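Below is one structure; the comments refer to it alone.
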Amino acid sequence: MALTLFKGLKSNCFRWYPSVYVARKHGVLYCSMRNAQGQTATTQEKQHTKLKASSKKESGKLEEILKNYEAVIGIETHVQLSTQTKAFCSCPYNYGAQPNTSICPICMGLPGALPVLNSKVIGYAVKLGLALNCKLSLNSKFDRKQYFYPDLPKGYQISQFDIPIATGGYLDVDLPVEFGGGHRKFGITRVDLNRAGVPLLEIVSEPDMRTGIEAAEYAAELQRLVRYLGVSNGNMQEGSLRCDVNISIRPIGQLEFGTKVEIKNLNSFSSVSRAIDFEISRQVLLHSQGQADHIVQETRLWEEGAQKTVTMRKKEGLSDYRYFPEPDLPGVTLTNEYINEIRDSLPELPEMKRRRYEKLGLSMQDVLFLTNDINVAAYFAATIATGADVKLAANWIMGDIAAYMKNEKLSIDDIKLTPKELGELIASIKAGTISGKIGKEILFELMAKGGTVEGIIKEKDLVQIVDPTEIEKIIDRVLVNNPKQLEQYRGGKTKLQGYFAGQVMKETKGKANPGLLNRILLEKLNAKS
């Protein structure tokens, strides 16, 4: 495997404080629930009540203790690059391929087999380094990192140690409270040499994070970034993006770091948050009980089922890896022309896009949704490029279109509604050609079958009725046919207005202009008989 290190990455958290978001706080977030239902006085229920009270008391004690400590969190993120071939040979890598079918003597570390660097790996590393605001090293080198692992037949990894390709960058992160769902994958132990030599970038953050939510959002932002750049698909379930979290705690006000513990086996952003919160609580409890010496530098695993971390192995030190310069590969030299060429090719990044969408008048909730997926962002951009109202376009995409994709298990690229036709649909509703209700019906037909807004309107005669005289005639007919309801309305049951409006819509098949309909209907209902 090949690792290129990004050292010293700082996480600058951009914060805003509406009620649905939180600022950075020390400690852990806890959610407690109350049971509002009455309980019968059985012995079992009394015992259950005592147990709940005891648990609540213990939870309260823990929260009180947590206020006295600060967590220090850093993340090592491993990003698998989307190159067609591996880092040091011409073997392809395809996720899910049969074991040991995409290997060669170089992958297996056979005597005499010499690696040849894939130049695309360097290009992707430079692109990501620039996007992370890093300082690039014009001259860097590869090193051998010695350790044993079943899928590492050479007994060493070609990595970078003291001269990484990029250093000293930062990443801006927006922090909502609610984010991402969990993903579980049951493991099957096997030796699969297909991964030998797959190019990885390791992004090492500064220990700037303090909560599980901050760390999870940092990792999610990195995923968005690599997807926007096209350097990786960032799929955690495939191992294309993996996070190793380093956590220590210290009393509030103490400058010295505590003993660092690393957590592995984090295959979702929600796992990152929950594992960190558990580990913070575990370490704080040991500190508060005078057992701080029981916190040792080790690697722990996150057990999803048990929702806890467990010891995996003692943490290796740098001396255990016995780093030395890779003798079979020359150094990497970058020119300013090469760097500038890549810089000029960078797309609009998630952070830039969020700030631009905010200037369009969208709320942060809208902005986060629309920029989270690069394909959704592109769809939205194409829709408003047709001249569609920005807020209406956002509402349609975040509402009915998102619900349809979720129900049908489709991506934005799979639906048959084009951005051009969505823009046309919004314009038709805004101009009064069709009603919002008819527009929704057209929307679902376009998503499922395709076509054009104009074609469906003509084919099904859906043009909105905007002639006041025609609407008035229909209202008169409805009132004549419903004398009992009319008498009840004029007797004080004014909620029956909705009934009459529904009857008119039924007769017009939903084509009556709602504004005109309600205005004329009220005049008729309130007129003296």
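Worth a mention:
- C-alpha center-to-center spacing [the stretch 346-397, the stretch 242-277] in angstrom: 33
- Summarising the amide proton neighbourhood of D174: residues at separation of 5 or more, or on other chains, whose placed amide H is nearer than 5 Å comprise F14.
- Per-pair calculated FRET efficiency, R0 = 41 Å: R477 and S363 via Cβ, rounded to 0.05: 0.40
- Subset of K391/K511; K440/K509; K420/K449 violating a 19 Å alpha-carbon distance limit: K391/K511
- Between amide H atoms placed 1.01 Å from N, distances below 5 Å from K141 occur with I163, V332, all of them 5 or more places distant or on a separate chain.
- For R519, the accessible area of its heavy atoms, probed at 1.4 Å with every protein chain present, is near 120 square angstrom.
- Fully extending the segment from K509 to D151 would add 122.3 nm, taking 0.36 nm per residue of separation and subtracting the current Cα-Cα distance.
- With 0.36 nm allotted per residue and the present C-alpha distance subtracted, the T494-N139 stretch has 119.8 nm of extension available.
- Peptides ranked, highest mean first, by Cβ atoms within 10 Å: ranges 392-402, 78-88: 78-88, 392-402
- Per-residue extension of 0.36 nm, minus the Cα-Cα distance of A381 and A97, leaves a gain of 98.6 nm for this segment.
- For the stretch 122-164 versus the stretch 456-504, the gap between their alpha-carbon centres in whole angstrom: 72
- Here D366 sits with roughly 10 square angstrom of accessible surface, probe radius 1.4 Å.
- For M312, residues with placed amide H under 5 Å, excluding near neighbours: T299, R300, L301
- Of the residues H287, H294, the one with the largest accessible area comes first in the ranking H294, H287, computed with a 1.4 Å probe on protein heavy atoms.
The values are calculated or read from the model by the stated rules, or taken from the named source; none is laboratory data. Everything numeric in this text was worked out from a predicted model, so none of it was measured. So basically every Cβ, Gly included, is an ideal-geometry build from the backbone, and we count neighbours across all protein chains shown. With ligands, DNA and RNA removed, areas are computed over all heavy atoms of the protein, side chains included. Shrake-Rupley method; radii C 1.70, N 1.55, O 1.52, S 1.80 Å.
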